[in-house]
1. Against the condition touching a residue at least 12 places away in the same chain (Cβ under 8 Å) and open to solvent by 90 Å² or more (accessible area, probe 1.4 Å), how does Lys47 come out, does it pass?
2. Return the residue satisfying two criteria in turn: it lies in the range 81-97 and is within 15 Å of Arg44 (Cβ to Cβ) and near the ligand (Cβ under 8 Å from one of its atoms), and of such residues it is farthest from the chain's Cα centre (by Cα).
3. Give me the residue from the range 70-80 that is away from the ligand (no atom under 14 Å from the Cβ) and of a type outside the set (D, E, K, R) and, out of that set, farthest from Glu163 (Cα to Cα).
4. Looking only at the range 29-44, which residues are surrounded by fewer than 22 Cβ atoms within 10 Å (Cβ to Cβ) and of a type in the set (A, V, I, L, M, F, W, C)?
5. Out of Gln150, Gln69, I need the residue that is open to solvent by 70 Å² or more (accessible area, probe 1.4 Å), modelled with pLDDT of 95 or more and not basic (Lys, Arg). Which one?
6. For the range 42-53, state whether one or more residues are under 11 Å from Ser12 (Cα atoms) and out of contact with any His (no Cβ under 9 Å at 6 or more places or on another chain).
7. Would you please name the residue that is most open to solvent (accessible area, probe 1.4 Å), looking only at residues in the range 98-130 that are within 16 Å of the ligand (Cβ to nearest atom) and in contact with a strand residue (DSSP E or B) (Cβ under 6 Å, 6 or more places away or on another chain)?
8. Across the range 127-147, what is the number of residues that are modelled with pLDDT of 95 or more and β-branched (Val, Ile, Thr)?
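The values are calculated or read from the model by the stated rules, or taken from the named source; none is laboratory data. Predicted, not measured: the structure shown is a model, and the values here were computed from it. All Cβ positions, glycine included, derive from the backbone under ideal geometry; neighbour counts span all protein chains shown. For accessibility, only protein heavy atoms count, side chains too; no ligands or nucleic acids. Shrake-Rupley method; radii C 1.70, N 1.55, O 1.52, S 1.80 Å.
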Amino acid sequence: MQHLTHQQIIDSFRGATRSEIKRVTLPTDFADTDFDALDFYGWRDRKIPRRGYICVPHQGDLVTLLLTQADAVPKRRAMCAWCRDVNLTSVAVMFSTRRAGQAGRRGDTIGVLACEDFSCPRNARRLPPAFHKATDLEALRAEAVAGLRQRVEAFVSNALSAEDV
Ligand SMILES: [Zn+2]
């Protein structure tokens, strides 16, 4: 994805309140981010427990959503709905986000089971540990990355679908 600035992220929030946006803290290593290796930029707020954010390229624009991690922890290790990493490299937890527009202001949210640390782009690019010699690894990886992008996009579209026009 394109290289992001702090201001671009702040300007692209949808469904979050002004006071929530004011309290957003970026990771200390933000300046070192390799955006070329990312399909979306996700991070945890180090000052606010259970708070995370994803900044996603969406229909030629950028959309940033605020995510809240649910109190309940899944009993068994679960697979992330975005990267579908079968190795369960990262812990997947339940997040919810307020929908944009009127619905969100009424308290309407949508949920997703996703990697706690938003490492999905890295997981999608990891090659399988065992494969047949004839396997086209680049094709496998391209497919995993395309699937990840599609599922994150769908989540963002859903979050924005009730937005006032
Ligand atoms: Zn994931």
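1. Here the answer is yes, as Lys47 does meet what is asked.
2. Out of the qualifying residues, it is Ser90.
3. Val73
4. Residues satisfying the conditions are Phe30, Ala31, Phe35, Ala37, Leu38, Trp43.
5. Gln150
6. Looking for residues that are under 11 Å from Ser12 (Cα atoms) and out of contact with any His (no Cβ under 9 Å at 6 or more places or on another chain), one finds none in the range 42-53, hence no.
7. The selected residue is Glu116.
8. Number of matching residues: 1.
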